[in-house]
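The next block holds one structure in the form of structure tokens; read it before the comments.
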Amino acid sequence: MVLTQSIATASSALQSSSLTLAIAGMKCAGCVATVEKRLLACDGVKAASVNLLTEKATVVYGGESLPQDLAPQLIEAIAKAGFAAELINKGDRQSSRNAVSKNSPQSSGFGLTKEIVIPASLVILAIVGHLGLIGVADLPLIGNMYAHWLVSTVALGWIGRPIWWDGLKSLWYRAPNMNSLVGLGTISAYLASTIALFVPQLNWQCFFEEPVMLLGFVLLGQALLERAKGKASNAIRALMELQPASARLLINSTDGDLQVPMAVEDLQVGDRIVVWAGEKIPVDGEIIGGGSSVDESMLTGESSPVAKQLGARVTGGTLNLTGAITVQVLQTGSETTLARIVSLVESAQASKAPIQYLADRVAGYFAYSVMAIAALTFLTWYGLLHAEIVFSLKLAIAVLVVACPCALGLATPTAIMVGTGIGAEKGILIKGGASLEKIDQLSAVIFDKTGTLTTGKPEVTDVITNDLIVFGRKLIEQTTFKSMVEEREVPASALRLLQLAASAETGANHILGAATIAKAQELNIEVLPTQSSQIVTGCGVEAILTTGEEILVGNSAWLRDRQVEISDEMLERSQNLAEFGKTPIFIAVDYQLVGIIAMRDRLKPEAPEVVRQIEAMGLQVWMLTGDHQETAKAIANQLGIPPERAIAEVKPDGKAATVMKLIAEGQRVAMIGDGVNDAPALASATIGIALSSGTDVAMETADIVLMRHDISDVVPAIQLSRATFSKIRQNLFWAFAYNTLAIPVAAGILYPSFGISLNPTIAGLAMAFSSVSVVLSSLSLRARKQ
């Protein structure tokens, strides 16, 4: 079982909790493997996942331990591996800001000048040192090897000291990393050249320019890498900066209400704050004074302003555009929508795709393997092939510095960070690498009909009654409502049927019942008082009026089970309604059928095109509905879904079973619902995709949350996930291919046949380019056509 699954399982187990640590000093995938190994060895730790790019570790532990009690043990274990760590308190936004800012291009202690200019200067000095070799006349001191030695000594002893010192410490802690390999290579080149200079009798060649240029390329590559990593984390940084630092607290005084500046973190639920036009709303709340339009693009990706009046909810981080408003605080700190979004994106970016664990396993032995190959290269060329010692040493050094474990460690997290960041900007929250990998394997997409494919606001379209008796025979009378405002007189029988149904449905809190009540209110129908009312899940409503009449409102199967006789004519009428995509609801009084109310939940205009685009991606589209088979087929036909993929008469508690049945048949299923009553089905699916306002249970249940509550975002969500996972595979292929090809070439495998060898300088340049190219490859996701 992969570690991602282990963490998910451990987190959900009884008495399991998690904590997050910020870790400094990790350089490559080998460091990640070492830290994870040390954490897993600690008592009480069930699972651990370390992310190289975010420099964070998520630790799942059991028992009743508190994070503050366990953290010292974990920090000590990490320290013994040669790294520094600190506990990140949950809900502490400032800790997260600091952790993210480490990857900011502006945050380096060296600054722009020392990051770029000093490495570039080293490269230039090394190139100048080669001028004599390419026929350029020697300049003063250029040909003087003692000058070369002095420059090389300064370069290694001052500028390059952090690299080889970190590398030696890693070797001491038996956790060699990329700096260990570079450090061994540069020190070996420096020592060999120094011996050649001061012991000329050996007739060794001096090559001081090699370690200087090598350090220059490595440092330059690291600077470019940090800047590229900073760009990759721009999305989460931008989210964190959305919340203003202070708010205007409204307090009562003898002189009236006063506006007092207060830090946002000090606000309490129930406080009143004032937000002026052009300012960001600090926290979630409700407007209790004024009105305005609000830019919610940070939440939904939709730039169109939203009108907000008294009683409207507003979200922290959104922009108040036109008027001053007074807001009562409803949520603060980690409970705000923005904080939850940030937490979700942070968790996603700190996660790993299961495919990454192959790279992590390789990285755990990578540095040792490279050092062994380097030693074997030297022994083979010098001991067996009797090559010159300097030539053999150069090949061994090239092997050390050309290897790039850093690319292996960055392949997945950079792509996940960029992909989830793009999604967050568009109102698409993707919960981590495991979700990306699952989406890439999807074969089918299931839509819940109500509220997802439809507007979720059904309307009464027809009323059919059969309680009028003419010449001893019940006469069926049908009233069709063309619009919400009816100019003609509605028959008394239809009004009576609506009154009975609305009376029974009052308080039932059912979407179809709400439509009946709305139509009764529109026609000014008085609702009758009831003694009792009970919902029968998936069937209907049973109520008793104060007059003693028992009313049943529900589907035909349920009424038949309750011994209500339904004539063939009424069944035929209901079937005709269903064929037009309408849902027939049967009403009985004292177990006698009195009529049918038909409703239609209109399709969202974009739904047919969304279905077409999903099928164009090679995925099957299915629909779940509680409607009769005829109604389901009619709606499926409008959507372009084959009738056999329209699963009808599914009760709310049967959705999850239907999803699991398809999975048992070999399908890899994405379930798309509104995230309220679809939670079990969302959790049961391979991937759960929820349409959400950003405040409901979907944010906890689904793997992907569409903040705009717009099914059109399903298509870009799948496309973005596929593109991101494709980039992960591409990055890993490049990282493995580069090391697989570069190390043998550096070892001199091409020299006997073609006379081609890789000097340490070019090897260092190749290594730096490999790391940077992986990050740039991930950043190219932003250039893809959306």
query: Once phi is turned into θ = phi - 60°, what whole-Hz ³J(HN,Hα) does the Karplus curve with 6.51, -1.76 and 1.60 give for every residue of the range 427-434, x standing for Gly and Pro?
result: x, 10, 9, 9, 8, x, x, 4
field: Solvent-accessible area of L577 with every protein chain in place, 1.4 Å probe, in Å² to the nearest 10
entry: 10
message: Given a 1.4 Å probe and heavy atoms of the protein chains only, how would you sort M599, M617, largest accessible area at the top?
response: M617, M599
field: Percent of alpha-carbon pairs separated by more than 20 Å within the range 497-601
entry: 33
message: I need the calculated FRET efficiency for the pair V490 and R722, taking r as the beta carbon distance and R₀ as 56 Å, to the nearest 0.05.
response: 0.60
Area accessible to solvent at H709, 1.4 Å probe radius, in Å²: 80
message: Can you give me the solvent accessible area of T506 with a 1.4 Å probe, rounded to the nearest 10 Å²?
response: 70
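To the nearest 0.05, what FRET efficiency results for E569 and R313 with a Förster distance of 35 Å applied to their C-beta separation? Walk me through the intermediate numbers first.
Numbers: r = 49 Å, r/R0 = 1.40.
After rounding to 0.05, the efficiency reads 0.10.
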- prompt: What spacing in nm lies between the two simple spin-label points modelled at N89 and A683, each 7 Å away from Cα in the Cβ direction?
  reply: 3.1
task: Report the label-to-label distance for R612 and Q592 in nanometres (one decimal), using points 7 Å from each Cα along the Cα→Cβ vector.
output: 5.2
query: In nm, to one decimal, how far is the S712 label point from the L202 one, both placed 7 Å along Cα→Cβ?
result: 7.2
query: Ordering D561, D678 by how much accessible area each has at a 1.4 Å probe, largest first, what is the list?
result: D561, D678
message: Students sometimes get this wrong: rank E526, E649 by accessible area, probe 1.4 Å, all chains present, largest first.
response: E526, E649
- prompt: If you add up the charges near Y357, with Lys and Arg at +1 and Asp and Glu at -1, over every other residue whose beta carbon is less than 12 angstrom from its beta carbon, what do you get?
  reply: -1
- prompt: Taking R0 as 41 Å, what's the FRET efficiency between I749 and A664 from their Cβ-Cβ distance, rounded to 0.05?
  reply: 0.20
field: For the range 162-175, Karplus couplings with θ = phi - 60° (6.51, -1.76, 1.60), whole Hz, Gly/Pro x
entry: x, 6, 6, 5, 5, x, 5, 4, 5, 5, 4, 7, 6, 9
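Note the full-extension length gain between S443 and E644 as 0.36 nm times their separation in residues minus their Cα-Cα distance, in nm to one decimal. Let's see the in-between values first.
Numbers: separation 201, 0.36 × 201 = 72.36 nm, distance 1.63 nm.
Here the answer is 70.7 nm.
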- prompt: For the range 141-297, what D do you get in µm² per second when you plug the Kirkwood radius from alpha-carbon pairs into Stokes-Einstein at 20 °C and 1.002 mPa s?
  reply: 100
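The values are calculated or read from the model by the stated rules, or taken from the named source; none is laboratory data. Note that the coordinates shown come from a computational prediction; the quantities given were computed from them, not determined experimentally. Here Cβ is always computed from backbone atoms with ideal geometry, including for glycine, and neighbour counts include all displayed protein chains. All accessible areas refer to the heavy atoms of the entire protein, side chains included, with ligands and DNA or RNA removed. Shrake-Rupley method; radii C 1.70, N 1.55, O 1.52, S 1.80 Å.
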